[in-house]
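Derivation of every value follows stated rules applied to the coordinates shown; laboratory data play no part. This one's a predicted model, so the numbers in the text were calculated from it and none came from an experiment. Neighbour counts are summed over all protein chains in view; Cβ atoms, including those assigned to glycine, are modelled from backbone coordinates with ideal geometry.
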Amino acid sequence: MEKTLSIIKPDGVSRGLIGNILQRFERSGFKIVAMKMIRMNKRQAQGFYAVHKEKPFFDSLTDFMSSGPCVVMILERENAISRNREIMGATNYKEAAEGTIRKDYATDIEKNVVHGSDSPETATFEINYFFNQLEITGE
Ligand code: GDP
């Protein structure tokens, strides 16, 4: 069993998409083994996206991610990281496959509704960024 970190970004929360997105994960065989609603401040968003600190969109992205509440969760299943990336769709919603979350709901390359870890290393970093051992219920 593999774990991955998923975030419903502020646009997904404010547009009332939490239930829809959780249902997609559950119907795709994921177990939600930890979940909470948080609101990051700018510094916390910068820490989460530190790998992108040299990118031209870093300031805008961290403003967006700290603009409202997010739902953060740990998803578990076989090949959780790659399966979640498939369900999410491409970063740019215009390139996302039919039926993916970003194809269905994203409005912008930045406001693309969901985040998902992209490797085992980032999954470990991201899970530990938001959750302590007490909060993780999976095997
Ligand atoms: P992801 O792994 O699919 O989320 O994509 P990346 O790790 O490449 O980028 C992280 C996040 O930064 C994306 O999900 C978008 O919210 C945002 N982002 C990526 N590329 C751009 C861009 O060219 N412009 C802006 N404004 N935001 C971007």
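Quick notes
- Pairs spanning more than 20 Å between alpha-carbon atoms, out of Lys53/Lys103; Lys3/Lys31; Lys9/Lys103; Lys53/Lys94; Lys55/Lys103: Lys53/Lys103; Lys53/Lys94; Lys55/Lys103.
- Label zone (Ile38, point 7 Å along Cα-to-C-beta; backbone nitrogen cut-off 19 Å) within the stretch 103-123: 112-123.
- Three semi-axes of the equivalent ellipsoid, the chain, Cα gyration tensor, whole Å, largest first: 21, 19, 14
- Between Ile136 and Ala90, the C-beta separation translates, for a Förster distance of 41 Å, into a calculated FRET efficiency of about 0.90.
- Sum of side-chain charges, Met40 neighbourhood, beta-carbon under 13 Å (Lys, Arg +1; Asp, Glu -1): +3
- Within-13-Å neighbourhood charge of Thr124 [Cβ basis; K, R +1; D, E -1]: -3
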